[in-house]
Amino acid sequence: MKKTVMFLLTAVMILSLVSCGPAAAPTQAPATAAPTTEEKPTAPPPAETPKPTLTIMASVDWIQDPAEYDLAKKFTEQTGIKVDYQIVPSDQYPNLLQTKLNSGECTDIFCSQAGRFDIVNALNVEKNAVDLSGEEWVGKMDKTAADEVSVGGKVYGQPIQDVSAVWGIAYNKKIFSQLGLSVPKNWADFMAVCEKIKASGVTPIYEPVSDGWHHVLWFCEMGGRYEQAEPGLVEKLNSNQMKLADSAIMKTAIGQIKEMVDKGYWGKNYMADAYADQPAKIASGKYAMTVANQGLPQLVADLNQGLTADDIGYFVMPIADNQLLNVNPVGPTRFIYSQSKNIDAAKQYLAFLAQTENLQYMIDNVAKFMNLPYSGLKSKYSGTIKEFYDTYTEKGTVLQTAVKYVNPQWMEIGKEIVSVITGKEDAAKMLANMDKNRADQAAAAKDPAWQ
């Protein structure tokens, strides 16, 4: 009986072990064991914010091709920010810029002629432009240039061209030598030089009127001479105590511009001639003189037509017997539009362009740039240019910078001069029309002197 019971117990134990199976050996959980809570899928990394494309609007000849475009490409490679330049014909640019500013649809960066009066009256930079005073490159800007792009102690613009160069009469030294001519010292001498050149079969002056702006230089660059001949003129004009039409010296200047045309000294095709053709026309030897800045000699030499840079000399425009070097402390300037959505990117671009190596690149690669208005740069004045500056040590400020409400009507002045030289109106009428335009601009600006 005991054996039977023991057998049954043993059988039950065996059956129990078979049904349960072998016991699992205990294991240690790995360090990377899944958490007890349910895992959530990993979120994808945020998409990279696309880089903006900067839009820049400028007039013809303000953006230097290919030098500035090379720098724009380099900027894009470094930052991923693309740069889109929109170049507008010079005769259309002022009106288009005003339309863009007034409509609130301007480009990220816009370019304009600067000047302490015009950036207030024409551009209203305190509303339409970004204050750049805190930018590092501002400290490198020449003070005279900085003053012309500032309002209320704040800097709003970045000058983009050589303001050390002046508009003077560039002349072919070889032609002068062959004809036994000397640099004229007054208007009568200049007329005698022109007559001898014309008699030789060469057109005395290349004057490209078709662009609408270049022939205005003969009148507006003489601001220093006007003030010299009629002391106090600038102050009286700016305080509205005098009209342009009251100036005898200005009437003389306009009459002399017409005299050049009447005597054939601008040639037969001056109305169709273009500024872009200026280097080629002078290099051809068919023209003896032209109004140009100091970059022209190298442009002529680069054409390899028998003239070197030193074969082109300079003297001041002797309108109204002028012998003053006509200087302008400012020129075309970049501004960042205040309503731009890409202000930070625009500031990056201006800072990039103002780097010393990039400014020097512009000087070294733009023939007409001898220097730029920033410290730490190496100029490239040639011997003939140094001779020019050494000859004329007395200076005078150009009319468009010295006098309010002249520069904004530059293209209109061009049309007025054409009306004069074609006999449709006289000097008095031209100046009266300019006075009306100045009064309209002063009223829009709420200038107290015109109230």
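What follows is calculated from the coordinates using simple rules that are stated; it is not laboratory data. Here the structure is a predicted model, which is why all the values come from computation and not from measurement. Note: ideal-geometry Cβ built from the backbone for every residue, glycine included; neighbour counts use all protein chains shown.
Here are the numbers for the structure shown:
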item	result
Cβ charges +1 (Lys, Arg) and -1 (Asp, Glu), total dipole of the range 356-451, debye	100
Potential lengthening between Glu425 and Gln98 on full extension [0.36 nm per residue; Cα-Cα distance subtracted]	114.9 nm
Whichever lysines have a C-alpha closer than 20 Å to that of Lys51, once near sequence neighbours (fewer than 8 apart) are set aside	Lys73, Lys74, Lys82, Lys341, Lys347
Inter-probe distance in nm under a simple model that places probes 7 Å from Cα toward Cβ, at Ser239 and Lys378	4.9
The range 316-401: relative contact order as a whole-number percent, Cα under 8 Å and 6+ apart	40
Under 11 Å, Cβ to Cβ, from Gln64 - net charge with Lys/Arg +1 and Asp/Glu -1	-4
Under the Debye formula (equal points on every Cα, no solvent term), log10 I(q)/I(0) of the range 286-361 at q = 0.13, 0.14, 0.23 Å⁻¹	-0.72, -0.78, -1.10
At 1.567 mPa s and 4 °C, Stokes diffusion of the chain via Kirkwood alpha-carbon radius, µm² per second	51
Stretchable slack from Lys51 to Asp302, in nm (0.36 nm times residue separation minus alpha-carbon distance)	86.5 nm
Per residue Cα convex hull volume in Å³ - calculated over the range 137-218	162
Dipole of the range 215-349 [Lys/Arg +1, Asp/Glu -1 at C-beta], most positive-end residue of Gln298, Gly224, Ala272	Ala272
Label point distance in nm, Lys127-Ala351, each placed 7 Å from Cα along Cα→Cβ	3.0
Top positive-direction residue, dipole computed over the chain with Cβ charges, set Trp213, Ala145, Tyr314	Ala145
Computed E for Glu394/Gln451 - FRET, C-beta separation, R0 35 angstrom, nearest 0.05	0.45
In the range 388-431, lysine pairs closer than 20 Å at Cα, eight or more apart or cross-chain	5
The chain - share of DSSP beta bridges that are antiparallel (%, nearest 5)	55
Rg/Rh ratio calculated on Cα atoms of the range 88-135 (Kirkwood radius)	0.96
Positive-pole candidate from Gln451, Met430, Gly331, dipole of the chain, charges at beta carbon	Gly331
Label-zone membership for the range 329-372, site Lys73, 7 angstrom Cα→C-beta point, backbone N under 18 Å	353, 358-359, 361-367
Estimated dipole of the chain in Debye, rounded to 20 [Cβ of Lys and Arg +1, of Asp and Glu -1, Cα centre]	940
Proximal lysines to Lys286, defined as alpha-carbon separation beneath 18 angstrom and excluding residues fewer than eight positions away on the same chain	Lys173, Lys174, Lys196, Lys198, Lys263, Lys268
Solvent-free Debye scattering, log10 I(q)/I(0), computed from the Cα coordinates of the range 319-410 at q = 0.21, 0.25 Å⁻¹	-1.18, -1.25
